[in-house]
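Values in this text are rule-based calculations from the coordinates and carry no lab data. On a predicted model such as this, the values are computed, not experimentally measured, just so you know. Neighbour counts run over all protein chains shown; Cβ positions are idealised from the backbone, glycine included.
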């Protein structure tokens with residue numbers, strides 16, 4: 001028998017927490033249903049309270065997307081079943097596997113009990129609940145459809161997380177190859193090249209004339225071995241300064257502008273930005289948020305400063321009376337299909353439904369593009385590794401060949 005911890009709702013719409021012993025999850029659900037309970041969450045209860053936690057060591061307050069999606073779905077189910085909001089939040093807080101989310105929910109419960117709206121309470125924790133989440137919750141509370149809005153939010157978060165995971169998984173192999181290449185280069189320069197330099201000096205003598213490529217490699221190796229205490233701090237300082245600059249408004253804009261011009265990558269960046277715009281804007285429109293507010297919130301959720309500025313400009317023109325489809329159609333950052341679909345949505349009053357189709361289309365395009373770029377990066381990295389090995393081989397073989405000629 002396995003022990004399962006559960007959250008359920010009874011016939012009086014009261015939240016019930018507890019544990020149940022059953023052979024598997026399906027039997028646990030069946031048993032709770034027979035008792036007149038509607039299961040909201042069921043997980044295996046090991047009964048072990050771990051005293052060791054990496055979160056405690058590193059004091060991580062970040063809420064994982066998986067935990068947030070699960071919490072959103074469970075809250076939607078409980079609110080839809082008629083459970084009072086505070087009781088639902090209390091049950092989720094006590095049942096949460098994430099210490100960070102548990103702490104946030106406790107604070108949210110306190111704010112709601114003090115009379116604050118749920119959206120305003122969530123807005124106090126921007127690291128966990130972004131503008132899109134908060135604004136959709138506010139719209140759901142205003143329209144009285146909070147459970148439906150929470151379902152939309154969970155679905156949108158799952159789609160966004162899936163897109164990020166696909167991009168990250170596609171970059172794992174190139175990243176591994178790049179790491180191996182860098183480590184191999186430093187290993188050869190620190191351990192192999194110095195020994196080869198000694199061998200060449202012994203064979204050719206102090207006055208031996210070495211090719212330029214060999215002198216360059218020996219000089220670079222000598223610099224790395226004898227002056228590492230100067231080279232490493234300078235190199236680290238340059239990387240740190242670059243990363244800090246990228247976080248500034250001007251640096252971030254230049255960085256995003258460069259990304260949108262890089263061959264191969266720019267297509268993926270554009271498709272990801274358009275997919276995020278379409279799905280986020282659709283979700284907000286479906287929640288009943290005003291168009292200008294949709295554009296303002298969506299601009300910050302796209303993840304690219306260039307697109308953020310474009311959407312802010314679009315908001316200003318829409319405020320002046322222009323249709324959004326016309327404004328978007330005049331901007332080269334957005335493909336023609338976006339403005340065409342927006343035009344259809346404006347005519348039929350189904351902008352949110354139409355943009356969901358646009359988001360689905362471009363997410364599929366991103367999948368294809370990511371697979372294509374992965375197939376290109378793999379041979380490119382192999383060429384880079386081969387070039388590095390060839391460079392070192394040439395720096396070794398050329399002087400040996402020259403010495404052999406002198407001996408003859």
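Tell me, what are the semi-axes, in whole angstrom and largest first, of the equivalent ellipsoid of the stretch 174-408 as set by the roots of 5 times the Cα gyration tensor eigenvalues?
57, 19, 13
Taking the highest mean first, how do the peptides 376-382, 126-132 order by number of other beta carbon atoms within 10 angstrom per residue?
Ranked from most to least packed, the peptides come out as 126-132, 376-382.
Which entry is the computed mean projected area of the Cα convex hull in nm² for this structure: [x] 17.3; [y] 20.3; [z] 29.5?
Read-out from the structure maps to [z].
What distance in nm separates the simple spin-label points at residue 400 and residue 346, each placed 7 Å from Cα in the Cβ direction?
7.1 nm
Sort 103-114, 182-193 for me by packing, meaning the mean count of neighbouring Cβ atoms within 10 Å per residue, highest on top.
By packing density, highest mean first, the sequence is 103-114, 182-193.
Add -39500 (n - 2.57) for each DSSP H run of 4 or more in the chain, then divide by its residues: what number comes out at 222 nm, to the nearest 500 deg cm²/dmol?
So the calculated ellipticity at 222 nm is -24500 deg cm²/dmol.
Relative contact order of the chain, please, whole-number percent, based on alpha carbon pairs below 8 angstrom and at least 6 residues apart.
After rounding, I find 13 percent.
In whole angstrom, how far apart do the alpha carbon centroids of the stretch 228-295 and the stretch 336-408 sit?
Result: 18 Å between the Cα centres.
Using only Cα atoms, tell me the angle between helix 85-95 and the longest principal axis of the chain; keep it within 0 to 90° and round to the nearest 10.
It is inclined by approximately 40 degrees.
If I fit a long axis through the Cα atoms of helix 291-301 and take the longest principal axis of the Cα atoms of the chain, what angle between them do I get, 0 to 90°, rounded to 10?
Between the helix axis and the principal axis of the chain, the angle is about 40 degrees.
Using bins 10 angstrom wide from zero, how does P(r) for the stretch 292-408 break down, in % of all Cα pairs?
In whole percents, the pair-distance histogram is 11, 27, 19, 11, 10, 9, 7, 4, 1.
Nearest 5 is fine: what % of DSSP beta bridges in the chain come out antiparallel, could you say?
So the antiparallel bridges amount to about 100 percent of the total.
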